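Trainee: Structure in structure tokens, see below.
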Amino acid sequence: MLLYKPKKNQSVAKGNRLLISVTVMGSAGPIRFVVNEEELVAAVIDTALKSYAREGRLPVLGSDLNEFFLYCPTAGSGALSPWETIGSIGCRNFMLCKKPRAEKVEDEARSNAGLNQKGSGSWKSWINKSLNLKISSH
């Protein structure tokens, strides 16, 4: 009778282990890895980012887990709290999305407003020049 005996340096994990899929917005396919059901959502985000980078996937995301939300598409529309355990959600398929940055959105709106003003002036002057050239040539 053979019994399984873990190696001395191998720790026996507490709790169940889950195979989860994390789909990153803008990426070709999901990342799959095994986690302990007692692991926090923040740790799962960190593991997903590291796996994503290790695989050399695009677009490049960075490694700051505070810049991302983890969603469970079947559990509702809200992002998961980073302090929840991943097993408490009852889901194995997740979506990782980058958080919108309010400062960046405001800066882009300001720069677009400036471009629209310049662009409309340039556009109007171009039309006027084009019409003047056509009228004078007849």
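Trainee: In segment 81-105, which residues are free of Cβ contacts under 8 Å to residues at least 60 places away in the same chain and over 21 Å from Gly15 (Cα atoms)?
Mentor: Within segment 81-105, Lys99, Pro100, Arg101, Ala102, Glu103, Lys104, Val105 meet the criteria.
Trainee: Now for a different question. Can you pull out the residues in segment 72-82 that are among the polar types (S, T, N, Q) and either under 17 Å from Ile31 (Cβ atoms) or open to solvent by 60 Å² or more (accessible area, probe 1.4 Å) (or both)? Step through it out loud before you land on a result.
Mentor: Taking segment 72-82 and keeping what is among the polar types (S, T, N, Q), we get 74, 77, 81.
Listed by number, the residues that qualify are Thr74, Ser77.
Trainee: Another question about this same structure. Could you grab the pairs with beta carbons closer than 7 Å, sequence gap of 6+ or different chains, first residue in segment 49-71 and farther than 12 Å from Val24 by Cα, second one part of a helix (DSSP H, G or I)?
Mentor: So the pair list comes out as Ser63/Leu49; Ser63/Ala53; Leu65/Ala42; Leu65/Ile45; Leu65/Asp46; Leu65/Leu49.
Trainee: While we're looking at this one, here's another question. Mind listing whichever residues of segment 69-100 are of a type in the set (Ser, Thr, Tyr) and under 13 Å from Asn36 (Cα atoms)? Talk me through it step by step, then tell me what you get.
Mentor: As a first pass, look at segment 69-100 and keep what is of a type in the set (Ser, Thr, Tyr): 71, 74, 77, 81, 85, 88.
Those that are of a type in the set (Ser, Thr, Tyr) and under 13 Å from Asn36 (Cα atoms): Thr85, Ser88.
The values are calculated or read from the model by the stated rules, or taken from the named source; none is laboratory data. Values in this document were obtained by computation on a predicted structure and should not be read as measured data. Cβ coordinates were reconstructed from backbone atoms using ideal geometry, including for glycine residues, and neighbour counts include every protein chain displayed. In case anyone asks, the SASA skips ligands and DNA or RNA and just uses the protein heavy atoms, side chains included. Shrake-Rupley method; radii C 1.70, N 1.55, O 1.52, S 1.80 Å.
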